[in-house]
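Structure first, commentary second.
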Amino acid sequence: MKPTASPNLWRPLRVTVFRNLLVADVISDAGAFMQNVGAAWLMVSLGAGPIYVALTQTAASLPYFLLAVPRQNLVQSWNE
């Protein structure tokens, strides 16, 4: 049995909505990275110790970890 279409890595980029969402996500990720670096840089320039810089990074990423498990449970119960 021959495949009807060859798999192409760039094929999803032909869809305009997907391409726009991908570009927006990349720009958003770059902005989040700049904000994290800026927050750590500010903490260092204010004379804070390494523990405070680490706590700042932890506080920035903690909501993602705290909401990941309940969100996954909600999605699983929604699909069933």
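The values are calculated or read from the model by the stated rules, or taken from the named source; none is laboratory data. Because the structure is a prediction, the values reported are computed rather than measured. FYI the Cβ positions are ideal-geometry reconstructions off the backbone, even for glycines, and counts take in every protein chain you see.
Numbers for the structure displayed
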{"quantity": "Pair list, Cβ under 6 Å, 6 or more apart: the stretch 52-80 residue farther than 20 Å from Phe33 by Cβ and touching a residue at least 24 places away in the same chain (Cβ under 8 Å), other residue surrounded by 10 or more Cβ atoms within 10 Å (Cβ to Cβ) and basic (Lys, Arg)", "calculated": "none"}
{"quantity": "Filter pass, Asn36 being part of a helix (DSSP H, G or I), surrounded by 10 or more Cβ atoms within 10 Å (Cβ to Cβ), at pLDDT 90 or above and not small (Gly, Ala, Ser)", "calculated": "no"}
{"quantity": "Unmet requirement for Pro63, which otherwise passes all of (1) surrounded by 10 or more Cβ atoms within 10 Å (Cβ to Cβ); (2) assigned to a helix (DSSP H, G or I)", "calculated": "(1)"}
